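Colleague: Sending over a structure as structure tokens; questions will come in a sec.
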Amino acid sequence: MENFADHIRQSSRGLLGTWVKIPSIETVELLGHAGFDFVVVDMEHAPHSLDLAYRLVFAAQAMGMAALVRLPDHSGATIQPLLDGGADGLLVPRVTSVEVAEEVTRKMVFSPVGERGLGLTSRAGKWGLGSMPDYLVRGNEQCLRMVQLEDWTSLEAAADFAALEHVNGIFIGHGDLFLSSGKPSGDAAVKELTAQVLEATKTAGVFSGAAAANPQEAKAYLDMGFSLVMVSNDTTLFGRAAAEAVKASLE
């Protein structure tokens, strides 16, 4: 488990990842062989239990990828076990207020500054074989605490979220933005808003993230300077590859 935050900063370009929705260690292994930098285990839109998410994190890291987890909600019940399970960071979905962002990210930072409890005998603490200072530094300084802004008003206020003490990343939810605004990611106004959010993250010195439907869009986000770019997801990648194989075989 390396220092993911420093890995992002030291990279010559943004890192490329994808969503993990299939409840299978084998597909995570394949994503590692394919060359992805990181994955995000999706507990919001996939049937991943806490135990399975923990194992998927382990599998991704064993393949040399960083492993983030998208939380199922804002309750915070899964934060402690996921971080102590060794996740390199967490994404908080559908954040619409700075109050919620502040409350949920405080749970990701150790007391007394935040509300996270001590768990040195967990995987993140090398099962008690690691040092206390290293465990605390990893939790407070090296893990991602990224909020997803997914509606127009919240994205326009990205600078306010980026200024929060415990938020160290802003992720743009273009999918839900489309649902609420009717504007796809390629719309001129959305492109302008995306650039404004990216600039806000750079000004605040926090990480930035975006999800792309295809490689062309992913490359555009990487070229813009996003820290983390997601392209598609495991179900779509494997499903389309299978469909293309069938189609090509029968033509």
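The values are calculated or read from the model by the stated rules, or taken from the named source; none is laboratory data. The structure displayed is predicted, hence computed values, not measured ones. Reconstructed Cβ throughout: ideal geometry from the backbone, glycine too, with neighbour counts over all protein chains shown.
Colleague: Give the number of residues within region 198-251 that are of a type outside the set (Val, Ile, Thr), part of a helix (DSSP H, G or I), under 28 Å from Arg145 (Cβ atoms) and in contact (Cβ under 8 Å) with a residue 40 or more places away in the chain.
Modeller: 7
Colleague: Also: Out of all the residues in region 157-175, which are in a helix (DSSP H, G or I) and touching a Leu at 6+ places or on another chain (Cβ under 7 Å)?
Modeller: Ala158, Phe161
Colleague: Counting only residues that are under 18 Å from Asn233 (Cα atoms) and more than 16 Å from the chain's Cα centre (by Cα), which one in region 56-72 is surrounded by the most Cβ atoms within 10 Å (Cβ to Cβ)?
Modeller: Ala59
Colleague: Could you grab me the full set of residues in region 1-20 that are assigned to a helix (DSSP H, G or I) and surrounded by 12 or more Cβ atoms within 10 Å (Cβ to Cβ)?
Modeller: Listed by number, the residues that qualify are Phe4, Ala5, His7, Ile8.
Colleague: Please enumerate the residues belonging to region 62-109 that are assigned to a helix (DSSP H, G or I) and closer than 20 Å to Leu52 by Cα.
Modeller: Once the filter is applied, which keeps residues that are assigned to a helix (DSSP H, G or I) and closer than 20 Å to Leu52 by Cα, region 62-109 yields Ala62, Ile79, Gln80, Pro81, Leu82, Leu83, Asp84.
Colleague: Go through (1) within 14 Å of the chain's Cα centre (by Cα); (2) free of Cβ contacts under 8 Å to residues at least 24 places away in the same chain for Ser75 and report which single condition fails.
Modeller: So the condition that Ser75 fails would be (1).
Colleague: Out of all the residues in region 73-82, is one or more out of contact with any strand residue (DSSP E or B) (no Cβ under 7 Å at 6 or more places or on another chain), among the hydroxyl-bearing types (Ser, Thr, Tyr), under 30 Å from Ser180 (Cβ atoms) and modelled with pLDDT under 95?
Modeller: Scanning region 73-82, I find at least one residue that is out of contact with any strand residue (DSSP E or B) (no Cβ under 7 Å at 6 or more places or on another chain), among the hydroxyl-bearing types (Ser, Thr, Tyr), under 30 Å from Ser180 (Cβ atoms) and modelled with pLDDT under 95, so the answer is yes.
Colleague: Is it the case that Phe178 is among the hydrophobic types (A, V, I, L, M, F, W, C), free of Cβ contacts under 8 Å to residues at least 24 places away in the same chain, surrounded by 15 or more Cβ atoms within 10 Å (Cβ to Cβ) and not in a loop (DSSP other than H, G, I, E, B)?
Modeller: So Phe178 passes the test.
Colleague: How many residues does region 21-34 hold that are free of Cβ contacts under 8 Å to residues at least 12 places away in the same chain and outside any helix (DSSP H, G or I)?
Modeller: 1
Colleague: Tell me which residues, restricted to region 21-43, are within 13 Å of the chain's Cα centre (by Cα) and surrounded by fewer than 21 Cβ atoms within 10 Å (Cβ to Cβ).
Modeller: Listed by number, the list holds a single entry, Asp37.
Colleague: Go through the residues of region 50-61 one by one and say whether even a single one is assigned to a loop (DSSP other than H, G, I, E, B) and modelled with pLDDT of 95 or more.
Modeller: no
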